[in-house]
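Have a look at the structure below, then the notes.
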Amino acid sequence: MMGKQANFVLGWVGLATLGNHNTGDWIFQRLYEMNAVDLPLDQIARNLTDSATRDFAALPVSSAEGRCHFVLGGWHKDSGPPKPFTCVIFNDFIFHPAQGQNLATFSRAAQATQSFFYSIATFQEVKRPFYVFPIGDFQPKTLRSHFSGLKSLMKKGAETAAISAVCRQIALEAARHTTTISRNLISIEMDNKGRVRNSYYSEDGAEAMLIPDILSPQGPLLKSTLSTYIEGDQITLKFRGKTVKPKA
């Protein structure tokens, strides 16, 4: 989302589909309905948390099947320059508050709670702040050495491309140990002005590049693909996607 007060990338894991419910479509629809592009971060977080509590309670699922959490990472404005943040909206975590120099942490709960909660964290004033929040179906033991390597790389002040490459390797390694993670990957980078760069990595070398859904003051952009065709010395780009008129 590229908003007037908050710019962020959003990922989620948990209950995916049930009947007519699709969590990916649901989160985008709720952001659009609240006109999130005009709202500050704390109001977006409260609205999404309240909507999730209400809407997920209406789904005919058990407390084990209804587990879900959303992670927002990006930049928000209150006063002065944009500040980096992370926000977690969840019904399947146990929250452990920050103590001393240690950040707040989360541990998995056995079952979903009846209500969703949210936590927003910002970064201290350091030269190169970083925060790693892996989500998804993976075995922590199989990836421990990978995350140690990523931590070392980030401490050395590596460039974004190198960090992104290691994150892709971690996702691909996780996919080898489960059937619920796709090996088709989208990598998204966002700077403090809300400018976005994304790359698509297809397991089977598909020509069409998937583009994440985008919400901006110009309106939503959904289910987009970008294809490249080369004929001789001519390159043709074909863009396809769905748009919705901006809210009045």
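Throughout, read-outs are computed from the coordinates displayed, never taken from laboratory work. Because the structure is a prediction, the values reported are computed rather than measured. Please note: Cβ atoms are built from the backbone with ideal geometry, for glycine as well, and neighbour counts cover all protein chains shown.
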Quiz item: Given (i) 1.05; (ii) 0.95; (iii) 1.13, which label gives Rg/Rh (Cα atoms, Kirkwood Rh) as computed from the coordinates?
Solution: (ii)
Quiz item: Taking the Cα-to-Cβ direction at E207 and at K156 and moving 7 Å from each Cα, how far apart do the two end points lie in nm?
Solution: 3.9 nm
Exercise. Assign one of three labels to region 137-181, namely rounded, prolate or oblate, based on the Cα gyration tensor with a ≥ b ≥ c the square roots of its eigenvalues; rounded applies when a/c is under 1.5, prolate when it is not and a/b is larger than b/c, and oblate otherwise.
Key: oblate
Practice problem: Kindly rank 194-200, 141-147, 86-92 from highest to lowest mean number of other beta carbons found within 10 Å of each residue. | Solution: 86-92, 194-200, 141-147
Practice problem: Sort region 1-100 into rounded, prolate or oblate with this rule: let a ≥ b ≥ c be the square roots of the eigenvalues of the Cα gyration tensor; rounded if a/c is under 1.5, and if a/c is not under 1.5, prolate when a/b is larger than b/c, oblate otherwise. | Solution: oblate
Practice problem: Please give, to one decimal in nm, the separation of the simple spin-label points placed at R54 and I163, each 7 Å out from Cα toward the Cβ. | Solution: 3.7 nm
Quiz item: Once label points are set 7 Å from the Cα along Cα→Cβ at both T179 and D233, what is their separation, rounded to one decimal in nm?
Solution: 5.2 nm
Quiz item: Which entries in the list K77/K155; K83/K223; K4/K83; K77/K127; K77/K151 go over 23 Å, if you measure between the two C-alpha atoms of each?
Solution: K77/K155; K83/K223; K77/K151
Quiz item: Can you work out the FRET efficiency for the pair T105 and T225, with r the C-beta to C-beta distance and R0 = 45 Å, to the nearest 0.05?
Solution: 0.75
Quiz item: If contacts are Cα pairs under 8 angstrom and at least 6 residues apart, what is the relative contact order of the chain in percent?
Solution: 17 percent
Quiz item: Suppose R0 equals 30 Å; then what is the FRET efficiency for R195 and Q139 from their Cβ-Cβ distance, rounded to the nearest 0.05?
Solution: 0.25
Quiz prompt | Derived scalar couplings ³J(HN,Hα) [region 68-82; Karplus, 6.51 cos²θ - 1.76 cosθ + 1.60; whole Hz; x for Gly, Pro] | solution = 6, 8, 10, 10, 10, x, x, 9, 9, 10, 10, 8, x, x, x
Quiz item: How many angstrom separate the Cα center of region 4-36 from the Cα center of region 38-74?
Solution: 9 Å
Quiz item: In whole percent, what relative contact order does region 7-142 give with Cα contacts below 8 Å and a gap of six or more residues?
Solution: 25 percent
Quiz item: Which one of F95, S51, C68 is farthest out on the positive end of the charge dipole of region 4-155, using unit charges on Cβ (Lys, Arg +1; Asp, Glu -1) and the Cα centre as origin?
Solution: F95
